[in-house]
């Protein structure tokens, strides 16, 4: 087998897994907000439903399981089991329509988040251990693009086709896609995983995972701390603005179909292109320069959104502005996650990487909620301007990044 073959089998397996877990997230973030806004919910009430995604923030509590020796030998089977559970949960959405059973939908949304977040822990740990440094750009492109594609399927499929096919048929089709992706990932990873995972199998007993307390001390140590701060601030500004885009469009009279086409479909397609560009930039520019490029890009792509609000969201201009914003966001996410993998200790891959990405998710969630709160009181324009300022803030950490990533990846003392 060539050196190239396992790489692309692994990239394909990761892409399948992230597509599957992105589909229910698309339900939660693309379909529910639009329908609930049409029913008269406030920005703040819709933002509060983000707490249904709490497992993504809490997964750090059980992330250490991915590093436990008794589970690491069964990672692929564990992931497959979680994926099958996710398939059943997505299919269960079809039992009752949203307008007739919102509480059931909210409960299923929370359950899907729990299964997908747990699967994410095992997949991320797997990726940290088996991706060679030169492969991280491609691997994280699969991560970000696969997840975005899942959101496109889960969000745009409902918004665009629910009126034509019906909610039940559309949801069952999404469940079938989750099942197909699960099986595809299991088959593709069989060829890719053993060759990359072999060094971990031969790990010595001295390389056992660190305790949670020791790892927290390690992450908060002065030399490694910029990594955690970067994880917390890198996506804050752009998500504060992006969380309002569909709601602003709805306020200016856009239909669900128009939102699905312009924001979800075109926007997500642009994000996929951005994720691919991020992988290429990470490989060609090097890590620190790629981070700097991504920070600049995220700052610049937020600027047109200010005009969108001032112009009352004209369809053509708004569609282009949203596509540009999604491109920059996809690029930035790929670069950030690849950089966080570099800063992750392989023997603590499950817990360490999860703690970093959870810190990112928590601040994104809080930023979205604060942005919605401010939009209700100060207006969307203020939120968009503040978001642009916050996009640029992580540039202050770039000078210390290389040393911080090295210190973060190294074994903790004590």
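Computed from the coordinates by the stated procedures, all read-outs in this text should not be read as laboratory data. Quick caveat, the model's predicted, so the values are computed rather than measured. Quick reminder, even Gly has a Cβ in these numbers, built from the backbone with ideal geometry, and neighbours come from all protein chains shown.
Send over the Kirkwood Rh of the chain, from the inverse of the averaged 1/r over different Cα pairs, rounded to one decimal Å.
So the Kirkwood estimate lands at 21.4 Å.
Based on DSSP H runs of at least 4 residues, each adding -39500 (n - 2.57), what is the mean residue ellipticity at 222 nm of the chain after dividing by all its residues, to the nearest 500 deg cm²/dmol?
Result for the chain, helices only: -24500 deg cm²/dmol.
Apply 1/(1 + (r/R0)^6) to the Cβ-Cβ distance of residue 385 and residue 284, taking R0 = 35 Å, and write down the FRET efficiency to the nearest 0.05.
So, using R0 = 35 Å, E works out to roughly 0.60.
Just check segment 227-290 against the gyration tensor rule for me: Cα atoms, a ≥ b ≥ c as the square roots of the eigenvalues, rounded for a/c under 1.5, and otherwise prolate or oblate depending on whether a/b exceeds b/c.
Cα axes put segment 227-290 in the oblate bin.
Cβ neighbours within 10 Å, averaged per peptide: list 127-134, 9-16 in order, most packed at the top.
Highest-to-lowest ranking by the protection proxy: 9-16, 127-134.
Given segment 62-183, report the % of alpha carbon pairs whose separation exceeds 18 Å.
Of all Cα-Cα pairs in segment 62-183, 58 percent lie more than 18 Å apart.
Could you work out how much longer the chain between residue 99 and residue 296 gets when fully extended? Use 0.36 nm per residue separation minus the Cα distance between them, nm to one decimal.
Fully extending the segment from residue 99 to residue 296 adds 66.7 nm.
Quick one: if the Förster radius is 25 Å, what FRET efficiency do residue 410 and residue 58 give, using the C-beta to C-beta distance and rounding to 0.05?
Plugging the Cβ-Cβ distance into 1/(1 + (r/R0)^6) gives 0.35.
Indicate the gyration tensor shape class of segment 294-372 (rounded, prolate or oblate), computed on the Cα atoms with a ≥ b ≥ c the square roots of the eigenvalues: a/c under 1.5 is rounded; otherwise a/b larger than b/c is prolate and the rest oblate.
prolate
Compute the distance from the alpha-carbon center of segment 350-414 to that of segment 239-296, in whole Å.
Answer, in whole Å: 17.
Nearest 0.05, what FRET efficiency do residue 42 and residue 399 give at R0 = 30 Å with Cβ-Cβ as r?
0.10
Please label the shape of segment 321-366 as rounded, prolate or oblate, based on the square roots a ≥ b ≥ c of the eigenvalues of the alpha-carbon gyration tensor (a/c under 1.5 means rounded; beyond that, a/b larger than b/c means prolate, else oblate).
Cα axes put segment 321-366 in the oblate bin.
Treat the count of other C-beta atoms within 10 Å as a stand-in for reagent exposure and order 355, 341, 232 from fewest to most.
If I rank by nearby Cβ atoms, fewest first, I get 232, 355, 341.
In degrees from 0 to 90, rounded to the nearest 10, what is the angle of the helix 136-151 Cα long axis to the longest principal axis of the chain?
Once rounded, one gets 30 degrees.
What relative contact order, as a whole-number percentage, does the chain give when Cα pairs under 8 Å and 6 or more residues apart are counted?
Once normalised by length, the contact order is 28 percent.
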